Amino acid sequence: MAAANETVELTRHGDVALIVMQNPPVNALGFALREGVMRALDAVARDAALRAVVLAGSARAFSAGADIGEFGLPPRAPSLRDLIAVIEDFDKPVVAALRGIALGGGLELALACHARIAWPDARVGLPEIRLGLLPGAGGTQRLPRLAGVARALEIILSGDMVPAARARQDGIVDALIEGAFPEAALAYAATAVRGPRVRDRDARLAEAKADPDLIARAAAPLLRRARDGLAARACVEAVRAAVTRPFAEGDAEELRLFLERRASPESQAQRHAFFAEREVAKVAGLGPEIAPRPVRRAVVVGAGTMGGGIAMCFADAGIPVTVIEIGAEALERGRARIAANYETSVRRGSLDAAESARRLALIAGALDFAPVAEADIVIEAAFEEMPIKKQVFAELDRHARPGTVLATNTSYLNVDEIAAGTSRPGDVLGMHFFSPANVMKLLEVVRGAATAAPALATALAVGRAIGKVPVVVGVCHGFVGNRMLARRSEQTERLLLEGALPQDVDRALTDFGFRMGPCAMGDLAGLDVGWRIRKAMGLRAPVSDALCEAGRFGQKTGSGYYLYQGREAVPDPDVAALIERVSAAEGITRRGIGQDEILERLIYPMIDEGASILEEGIAARPGDIDVIWIYGYNWPVWRGGPMWYGAQVGLARVRDRLAALAAATGDGQLRPSAALQRAAAGP
Ligand code: 3H9
């Protein structure tokens, strides 16, 4: 046994060498790992007794690809491309033994080997597009030569992982292995012969060479779905080069495009988002010594849209859940809505009928609180009114076992006040889901003043188990996401009153990269919800109120800020007239407002609010806020999130523009907060 260096082990087994990459947790191909593999190969090359090589990783990961953390650093040789060149031209056959994941540069390394064998749990993929990149170590040139051009485009542009069995069908993997590791790999390599290099295998390119439109046809639907159009188009161009140029030229073109994308602000933003998403899992006061409690059974209180969506999250994750309602009719309505949601998935082909039935069977209903006694976690999704919440929590306190996590799905209310009404505030916290709860990945986990660490750890573990990205936030009105959203909504209303129309406001945000602007979003969610809350609180939003008074609640009534023809929003002259009337009644002289001003007034106040949220400790890091906006509000990931964007613009500029806008409009809400001023001044 010999260590090539601290991350790579080289052992000899008869005439076969075994090189094992050991850079936990996922064998990212950092400098030490690359250097270690290079040294090991060198030792093998010099040893005449060795006639074949197995290159392997851990059970979890062959390799997750290039070390993303190194992208901002000066390059250090050997590069991944150097390593790939040595492997490809190695005069003894090199067999990649794939277990766990082989992603990005990890798969590219395997593609340079002379054969690939995979255990059934292996998954391969080229997820670079999710970081605003394209594969940069030959993936766009070699994959089409194995899997064909159309399939390679699908894999590269989706970034999805391909299970071993499918990778075998696609021709990416040469053999599926059932035997033990490493014996089965060594046995395979012992009989391996060095076939043609992947770069020399052009047969599968023939179809695309003969049909010049094939790439455009195959890429079109994939480009439509891409979230970062620049990266997606670069992927297509690199694959086109694989078809139209000799390997060396295509490969050089791929590298050129890769370096261009790697330096782009879009990719930097997505790399930030990647690390921010992993960072949110690190929570102050939650060390490895705090074990989450096991959750085998859940209860959701309330069978409304939110409660039903939350129940589906549990059923989707295989956790039995009981939904409690006060009336049989409401319970039945809730159950019917859940069943209809599953039916839609079956109709669309995303779920098969048997699985849908299995999930539905995991959801029970009850008309009293008795099932709470069996639950490990309870999520209350009742009406958004404090007296109702308190009543429900009194019942939960009466029925729940000690240690059951009691969570409220409140969007705004004070979690500490809810907790104080129970005899066990340590087990109470917020779990704020986003609508539709079974789809949106964000979960704000609200840590109350008294929330105990094990309860928090359990909520986070449950959140992850049901496929969410949980972010810990503190108690305040609206927590992080909705508190910032309120600043944007305020400005939407002001902009409409001062001279903009809904389509102007929305266009500023869709041009920025959002799928929808605030007016279209309001129409989708239903304008009446906010209207009722405002009325109860004695608040006004003159334009939105006037729309509701005219019965225009949004999509559900066929009209809101827009007129709806099916789901298509059409600007409505009646709305323009209504807004002009409201402006006049408010004594406001309307003026033309440019797109730049609209964008600044929608986004900068959110950044301002984010600065206060950070200063108050409601969110732990700027990246946490970014994750909240990316997963809860569809902030375009290639813009990195509001705090990342604010840092790119420069907080001092955000501060100055807000001050100027406040002075120009007389709107005090635009004045930069003390927190932003402090953040902009720097440490
Ligand atoms: C590339 O390969 C470019 C090439 O084409 C060209 C080069 C020339 N680098 O997610 P997890 C860390 S681009 C650095 O919690 P999971 C991660 O930060 C790359 N670090 O686990 C975390 O650290 P910590 C293409 C990485 O099981 C820890 O590993 N590859 C990398 O839920 C565990 O990660 C990708 O885009 C990396 N490449 O998911 C794959 N990968 O514990 C990106 C992970 O300190 N990675 N880390 O917070 C993933 O998609 C997921 O991490 C993975 C594991 C599926 C691998």
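Seen against the Cα atoms of the chain and their longest principal axis, helix 386-399 is set at about 60 degrees. Shown here for region 566-638: trypsin sites (Lys or Arg not before Pro) in loop regions (DSSP other than H, G, I, E, B) with at most 16 other Cβ atoms within 10 Å, namely 567, 590, 591.
Hull volume per residue, based on the alpha-carbon atoms of the chain and their convex hull, is 180 Å³.
In order along region 426-438, the Karplus-derived 3J(HN,Hα) couplings, from 6.51 cos²θ - 1.76 cosθ + 1.60 at θ = phi - 60°, round to x, 9, 9, 7, x, 10, 9, 8, 10, 7, x, 4, 7 Hz, and Gly and Pro are given as x. Highest mean packing first, where packing is the average number of other Cβ atoms within 10 Å per residue, the peptides 14-20, 538-544 line up as 14-20, 538-544. Within region 3-262, the ratio Rg/Rh, alpha carbon atoms throughout and Rh by Kirkwood, equals 0.95.
Counting only DSSP beta bridges with both residues in region 298-475, the antiparallel share comes to about 15 percent. Restricting the calculation to Cα atoms, region 298-475 shows an Rg/Rh of 0.95 when the hydrodynamic-style radius is the Kirkwood one. With all protein chains present, how much of the accessible area of region 298-475 (probe radius 1.4 Å) comes from carbon and sulfur, to the nearest whole percent? Percent of accessible area from carbon and sulfur atoms in region 298-475: 55. Gain on full extension, evaluated as 0.36 nm per residue between residue 203 and residue 574 minus their Cα-Cα distance, stands at 127.4 nm.
Amide H contacts for residue 593 (H built 1.01 Å from N in the peptide plane; partners 5 or more residues away or on another chain; cut-off under 5 Å): none found.
With the whole protein complex present, residue 240 retains an accessible surface near 70 Å², based on a 1.4 Å probe. Taking label points 7 Å from Cα along the Cα-to-Cβ direction, residue 190 and residue 220 give a separation of 5.4 nm. With the highest mean first, a sort of the peptides 324-333, 472-481 on other beta-carbon atoms found within 10 angstrom per residue produces 472-481, 324-333. Using a probe of 1.4 angstrom and keeping all protein chains present, the accessible surface of region 3-262 works out to 40 square angstrom per residue. With all protein chains present, how much of the accessible area of region 476-533 (probe radius 1.4 Å) comes from carbon and sulfur, to the nearest whole percent? The value for region 476-533 is 59 percent carbon and sulfur by accessible area. Ligands, DNA and RNA are left out, and with a 1.4 angstrom probe the accessible area of region 442-567 is 37 Å² per residue.
Note on residue 516/residue 383: beta-carbon distance plugged into 1/(1 + (r/R0)^6) with R0 of 22 Å gives a FRET efficiency of 0.25. Largest first, the three principal axis extents of the alpha carbons in region 210-337 are 68, 42, 23 Å in whole numbers. Packing, taken as the mean count of other beta carbons within 10 Å per residue, orders the peptides 354-360, 465-471 from highest to lowest as 465-471, 354-360. Calculated mean residue ellipticity, 222 nm, the chain: -15000 deg cm²/dmol, from DSSP H runs (n ≥ 4) at -39500 (n - 2.57) each, averaged per residue and rounded to 500. Per-atom-type breakdown for region 3-262 gives carbon and sulfur 54% of the accessible area (1.4 Å probe, protein chains only). In loop segments of region 76-184 as defined by DSSP, the trypsin sites (Lys or Arg not before Pro) with at most 12 further C-beta atoms inside 10 Å of their C-beta are 76.
Using alpha carbons only, how many angstrom separate the centre of region 610-676 from the centre of region 417-441? If we compute the Cα centre of each part, the gap is 26 Å.
The values are calculated or read from the model by the stated rules, or taken from the named source; none is laboratory data. None of the values given here were measured: they were computed from a predicted structure. When we count neighbours, we look across all protein chains shown, and the Cβ atoms used for this are built from the backbone with ideal geometry, even at glycine. The area values use the complete protein model at the heavy-atom level, side chains included, leaving out ligands, DNA and RNA. Shrake-Rupley method; radii C 1.70, N 1.55, O 1.52, S 1.80 Å.
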